[in-house]
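Accompanying notes for the structure given below.
The values are calculated or read from the model by the stated rules, or taken from the named source; none is laboratory data. The structure presented is a predicted model; accordingly, all values stated were derived computationally and were not measured. All Cβ positions, even for glycine, are placed from backbone atoms using ideal geometry, and neighbour counts span all protein chains on display.
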């Protein structure tokens, strides 16, 4: 089961990734039963200026419904496009952003953040693998 702690090995990979193109961050969020939604609403209200400040954009927001495979249920699925990994890291390390990040931690029972690179069907079908 996932929680809200950062995967430090993967964070190091993100920091060292030379790809300077845009990427999409997949967010899967499960709110705490007591006050989770309210705390997350406060976090998003405060965090929006930092997200926009680095040129990121919300692409998709949804409420997952029927779970056809897997075992973990989620309250929110969100896709955010960042202009680069460096832009994301700039936001995440901003001292003012760090101050409001506690609202996110208060809100979530568990979360998945997955930095993703866009590919094509040809990439999937090719024999090359990463």
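Of everything listed in (1) loosely packed, with under 13 Cβ neighbours inside 10 Å; (2) modelled with pLDDT under 95; (3) assigned to a helix (DSSP H, G or I), the single unmet condition for residue 101 is (1).
Of all positions in the range 87-94, at least one carries a residue that is closer than 30 Å to residue 35 by Cβ and exposed (fewer than 11 other Cβ atoms within 10 Å of the Cβ). Of all the listed residues (113, 79), the sole one being within 24 Å of residue 62 (Cβ to Cβ), under 16 Å from the mean Cα position of the chain (by Cα) and either part of a loop (DSSP other than H, G, I, E, B) or free of Cβ contacts under 8 Å to residues at least 60 places away in the same chain (or both) is 79.
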